[in-house]
Amino acid sequence: MRTSEPMNLPISVDPRSPRPLRDQITDGIRALIRDGVLPSGARLPSTRTLAGSLQVSRSVAVAAYERLAAAGHIRTGRGSGAYVNRPSPMAGPPAPVPSPVPVRRAGGAERVIDFTPGRPGTEHFPLPAWRAAWRRAGHRPPPDVQDPLGEADLRRAVAAYVRDTRGVVCEADQVVIAAGTQAAARCAAHVIAAQDGGLACGGPTWGELRGAFGGAVALSPAAADEEGLAATGLPDSVRHLAVDPDHQPHGAPMPVARRRQWLAWARHSGGVLLEHDLYGDFRYEAPPPTLWSMGARNAPAMYLGSLSRLLDPALQVDYVILSASLGVRRSFLQHVNEPPPPIVQQAVHHLVDEGHLARHGRRMAPLYRHKRDAVRRVLGGLGDAGRLPRTAAGLPAVLLLPPTVCGRTVARELWRRGVLVPPPGPPDGTAAPSPARLVLGYTHLPAPDLERGLSLIARVVTEAASS
């Protein structure tokens with residue numbers, strides 16, 4: 001007998017608040033799990049039901065569930081609903097956090113400067129192309145039967161796009177279109193779980209995928225050094241690897257020599273190499289080649305990327321590319337994949353196929369680089385108080401703190417002063433101790449907020465290091 005679905009959750013949202021509705025919903029559900037109102041195994045309302053009860057768009061509810069699943073608080077599955085994970089990851093009360101001091105803006109409005117990573121800037125958004133793409137998609141009747149691996153037009157466009165922008169060579173029939181990061185990660189987890197062996201993992205962006213793997217695969221955090229995750233010291237039972245080479249525990253990209261070591265390890269282990277590159281459209285300098293282009297495509301490998309991160313993560317259009325040697329697993333994914341609605345896929349197809357997405361990325365690159373340089377200018381000269389590794393790609397910057405500084409104390413003090421940064425924790429799962437760090441999303445912030453927020457971060461970190 002299926003668990004009945006709660007029609008309403010005792011949470012509320014304030015559309016006038018500067019905090020995004022998605023984050024308000026996420027915080028509310030987290031609190032219900034923490035306080036035991038939603039026990040382990042409890043079924044959550046569908047995104048449609050939740051959106052209706054809170055009077056928000058369904059995409060907002062979907063984005064909130066996506067975040068909760070990425071953090072491991074809930075699990076979701078196609079057709080089976082969403083449930084609180086067992087055991088609940090929210091056990092134990094959180095440390096008390098003081099109320100923030102709002103930052104006053106021109107005109108008297110108040111808001112918090114939010115450095116939460118993963119949000120693109122909205123400047124130069126291609127609104128005319130966006131509207132035209134949706135109009136064209138609406139002229140086409142919905143298909144009688146939806147392709148569970150994604151619309152053929154979009155798969156062809158993705159294959160061409162990743163070839164031209166990332167050097168990832170593949171055929172359209174190797175591409176699987178998924179409804180968001182968690183759906184794409186679940187596809188990868190199913191492929192890996194069908195084989196023996198544990199999964200080596202780690203890095204700042206691994207936390208966005210970890211919840212999708214659940215208990216399907218035995219996870220083995222990899223040790224890390226200055227060059228990134230190390231392909232040594234892993235148990236013999238570990239045969240697979242999940243890695244984002246451009247985002248490593250110490251902030252800098254993985255050098256080519258270390259990438260070759262991991263490719264050699266993967267060939268020796270005979271397992272699957274999952275290269276997740278959600279922020280591959282955000283590059284500030286010539287990056288090292290992808291593992292896929294260095295030879296992983298000729299082995300059992302998958303490449304996971306995102307189209308929606310460049311426009312709006314709430315769009316929920318990500319993809320997984322399977323190497324030719326995993327082709328037999330592609331038919332298996334027909335039964336587990338969760339593709340986006342056909343009209344969404346068609347609209348995104350027009351944006352990609354007509355070059356609008358690539359042009360938007362090129363327009364945004366100088367703006368993001370300018371903001372990245374502002375981060376370097378303010379936080380790059382902290383001396384012993386903090387170290388800012390080179391940021392060559394992606395939306396976040398990583399500020400490494402000295403051993404004498406407690407990252408959570410810094411986050412609480414920043415919150416008190418009106419700056420929100422994610423509290424440091426062990427999101428990457430690396431086995432070896434790594435320095436405390438602040439992961440800062442900055443690309444979405446307007447220049448005045450960015451400068452003020454960075455100045456406050458520098459001040460609080462310096463004060464903590466000298467106390």
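The values are calculated or read from the model by the stated rules, or taken from the named source; none is laboratory data. These figures come from a predicted structure and were not determined experimentally. Every residue, glycine among them, receives a Cβ derived from its backbone with ideal geometry; neighbour counts consider all protein chains shown. Just the protein is used for accessible areas: all its heavy atoms, side chains included, with ligands, DNA and RNA removed. Shrake-Rupley method; radii C 1.70, N 1.55, O 1.52, S 1.80 Å.
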Show that you can apply the helix-only estimate: for the chain, add -39,500 (n - 2.57) for every DSSP H stretch of four or more residues, divide by all residues, and state [θ] at 222 nm to the nearest 500. -11500 deg cm²/dmol
Note on segment 225-370: alpha-carbon gyration tensor, axes a ≥ b ≥ c; rule is a/c under 1.5 for rounded, else prolate if a/b larger than b/c, else oblate; result oblate
Give the separation of the Cα centroids, segment 448-467 to segment 177-240, in Å. 34
Between rounded, prolate and oblate, where does the chain land on the alpha carbon gyration tensor, with a ≥ b ≥ c its root eigenvalues, rounded for a/c under 1.5, else prolate if a/b exceeds b/c? rounded
For L367, the net charge from surrounding residues (Cβ-Cβ under 13 Å; K, R +1; D, E -1) works out to +3
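In the neighborhood of A216, defined by Cβ-to-Cβ distances under 12 Å, what is the net charge if each Lys or Arg adds +1 and each Asp or Glu adds -1?
+3
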Averaged per residue, what accessible area in Å² does the chain show with a 1.4 Å probe, protein chains only? 43
Search the structure for amide H atoms under 5 Å from the amide H of L274, placed 1.01 Å from N in the peptide plane, and list their residues when 5 or more places away or on another chain. L241, A242, V243, M302
Centre separation in Å (Cα based) which lies between segment 277-324 and segment 354-394: 19
Going residue by residue through segment 351-365, the Karplus relation 6.51 cos²θ - 1.76 cosθ + 1.60 with θ = phi - 60° gives ³J(HN,Hα) values, rounded to whole Hz and with x marking Gly or Pro, of 4, 6, 5, 8, x, 5, 5, 5, 5, 4, x, 5, 5, 7, 4
Consider a paramagnetic label point 7 Å from the Cα of D147 along Cα→Cβ; state which residues of segment 346-389 have an amide N under 18 Å from it. 346-354
Most to least packed among 272-282, 358-368, 189-199 [average Cβ atoms within 10 Å]: 272-282, 189-199, 358-368
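For every other residue with a beta carbon closer than 13 angstrom to the beta carbon of P143, add +1 if it is Lys or Arg and -1 if Asp or Glu, then tell me the sum.
-3
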By its C-alpha gyration tensor, with a ≥ b ≥ c as the square roots of the eigenvalues, how is segment 194-277 shaped: rounded for a/c under 1.5, else prolate for a/b larger than b/c, else oblate? oblate
